[in-house]
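Working notes, beginning with the structure itself.
The values are calculated or read from the model by the stated rules, or taken from the named source; none is laboratory data. All values derive from a computational prediction rather than experimental measurement. Every residue, glycine as well, gets a Cβ built from its backbone with ideal geometry; the counts of neighbours run over all protein chains shown. Heads up: the accessible areas ignore ligands, DNA and RNA and are worked out on the full protein's heavy atoms, side chains in. Shrake-Rupley method; radii C 1.70, N 1.55, O 1.52, S 1.80 Å.
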Amino acid sequence: MKPATPPSRTRSTSQIIAAHDQHMIVNLPRYGIAMVRGCGCELEDADGKRYLDLFAGFGAPILGHCHPDLVEAITDQANKLWHVGNLLHTEPQTRAAEAISRCSFGGRVYFCHSGADANEAAIKLARLYGKAHPGRSNPAEGGRFRVVSATRSFHGRSFATMGATGNPAVRQGFEPLLPGYVNVAYNSIEAVREQLDDQTVAVIVEPIQGEGGVNVPDDSYLPALRALCDERDLLLIVDEVWTGCGRTGKWFGHQHWPVTPDIMTLGKGVGGGLAVGAMVAGPRAADLFDVRKTSLVKHATTLGGNCLSMAVTAAIFQVIERDGLLDHTRRLGSLAIERINAAAADTPGLVGARGKGLFIGVQLDPQAGWFEKAGDVVARCLERGLLIGSAGNDVLRLAPPLTITEAELDRGLDQLVEILGSAQ
Ligand SMILES: Cc1ncc(COP(=O)(O)O)c(C=O)c1O
């Protein structure tokens, strides 16, 4: 018998990385850092170095690392019940669904494991809707099944979501792809209208584009999309994987505008760092997955809505409400954007900031700065103990935990501005 592998906490960074390189599929370019501990907005690596986290694991640990209420929720639950399978009811799952439904548009919730998973469910639901409401489409050709999405969008890397993701690089090598997708310019209602045909059944859109660079649409965009979907009997799917659960200072990003979607998808923050995805559907669509009406099971997953994850999801909504984190997020987000815009005047390479709440894109001009691309800034920040993200070559992304204090955010922004300005 082989000797037991020593627990990772006893290993150095280089040992952890060497074992990773030997045993894991290296599907992502990782930084040479191994994190071992987190508390609030602070992380500590295997060498004892500390980092201020302004990116929160691509937005997932939305209340920071090891939030005491979430630790308590999962610990309590871990001592009670983990998973029983979805043919039985559990209280945590129902509580999590109630919270999401109450804070959104009163839709009904399906739980899964990731953002892509949630979008996959939404696209399947749209297909059922297109069959139930074929309009002028030819049922022999599949009825209505086409989905319109935006260029520079990100909706996942699964087969159904790759086509919706508005980045051809994501699809490269996976042909033949699932048919029925078209990507059109973001923030242009005309671009959507031009692509509608008798087969179109849904529009999927991020209320604010995340991976595309924190792109905030014009105020008229989402309401116009809603009107167009009503006019043409299309489902409006809002992908709130980045923008959901308070990230933008509202419970859900679309609530910045007078819009009610037919379907909303969640990931990242809804699990606080656990693998949770959710699809929320209003009455127009939800019934099509309802086994009481369809008699056949149309969609399901074994571990979706397991008790441990759901105890955490329900607690996230409670904490955000109890601690007034939506107001806090809006206030700190505005301060951060003002601060960065003010610094842009005398920081070469820094153009300015955009976003809502604590979902902030920092526009860079690599021609004017010391860096060739945004990733160079991220790497320099990491060297100095600041964790941020990037999108493409010229945007930095800030998405700290919603629990960040004003002092912590100030410290991080001071450091970022200093790094951008000092290294020319
Ligand atoms: C808007 C959006 N939708 C969906 C996804 C896919 O989520 P996941 O990585 O959890 O599958 C992402 C991931 O970044 C995303 O940003």
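The calculated FRET efficiency for L81 paired with A345, based on their beta-carbon distance and R0 = 51 Å, is about 0.35.
The charge dipole of region 121-247, taken about its Cα centre with unit charges on the Cβ atoms of Lys, Arg (+1), Asp and Glu (-1) only, comes to about 420 debye. All Cα-Cα distances of region 37-165, cut into 5 Å bins from zero to the largest, leave 2, 8, 10, 13, 16, 16, 13, 10, 6, 3, 2, 1, 0 percent in each bin in turn. Taking the Cα centre of region 181-311 as reference, the dipole from Cβ charges on Lys and Arg (+1) and Asp and Glu (-1) amounts to some 620 debye. Let me make sure I get this right: for region 268-322, a, b and c are the square roots of the gyration tensor eigenvalues over alpha carbons, sorted descending. Under 1.5 in a/c it's rounded, otherwise prolate if a/b > b/c, else oblate. Which is it? The shape class here is prolate. Relative to the longest principal Cα axis of the chain, at what angle does helix 325-344 sit, 0 to 90 degrees, rounded to 10? Value to nearest ten degrees: 60.
When you restrict to C-alpha pairs under 8 Å that are six or more residues apart and normalise by the size of region 162-274, the relative contact order lands at 21 percent. Region 90-113 and region 302-372 have Cα centres spaced 24 Å apart. Result for the chain in a Gaussian network model with C-alpha springs under 10 Å: among T161, T75, T265, the largest mean-square fluctuation is at T75.
Where both partners of a DSSP beta bridge lie in the chain, what percent of those bridges are antiparallel, to the nearest 5? Around 65 percent antiparallel, to the nearest 5. Spin-label pair A227-R37: with each label point 7 Å from Cα along the Cα-Cβ axis, the two points sit 5.7 nm from one another.
What you get for region 36-118, charging only the Cβ of Lys and Arg (+1) and of Asp and Glu (-1), is a dipole of about 260 debye around the Cα centre. Look at the alpha carbon pairs under 8 Å that are at least 6 residues apart: their mean separation over the length of the chain gives a relative contact order of 20 percent. For region 126-278, the share of DSSP beta bridges that are antiparallel, to the nearest 5, is 10%. Entry note, region 277-424: relative contact order of 18 percent, from Cα contacts under 8 Å with a spacing of 6+ residues. Computed from the C-beta positions of A275 and A368, the FRET efficiency with R₀ = 45 Å rounds to 0.65. Comparing G213, G32, G267 in a Gaussian network model of the chain (Cα springs below 10 Å), the most mobile by mean-square fluctuation is G32.
For region 207-261, taking Cα atoms only, Rg and Dmax work out to 11.1, 31 Å respectively.
Using the Cβ-Cβ distance between D218 and Q22 with R0 = 45 Å, the FRET efficiency computed as 1/(1 + (r/R0)^6) comes to roughly 0.35. Expressed as a whole percent, the accessible area of the chain that falls on carbon and sulfur atoms is 54 (1.4 Å probe). State in Å² the accessible area per residue of the chain; use a 1.4 Å probe, count heavy atoms of protein chains only, and round to the nearest integer. Heavy-atom accessible area per residue stands at 45 Å². Helix 68-78 axis versus longest C-alpha principal axis of the chain: approximately 60°, rounded to the nearest ten. The spacing between region 391-421 and region 207-267, judged by their C-alpha centroids, is 25 Å.
Per-residue ellipticity at 222 nm from helix content only, as computed over the chain with -39500 (n - 2.57) for each DSSP H run of at least four residues, stands at -11000 deg cm²/dmol.
Taking the inverse of the mean 1/r over every pair of distinct Cα atoms in the chain gives a Kirkwood hydrodynamic radius of 22.5 Å.
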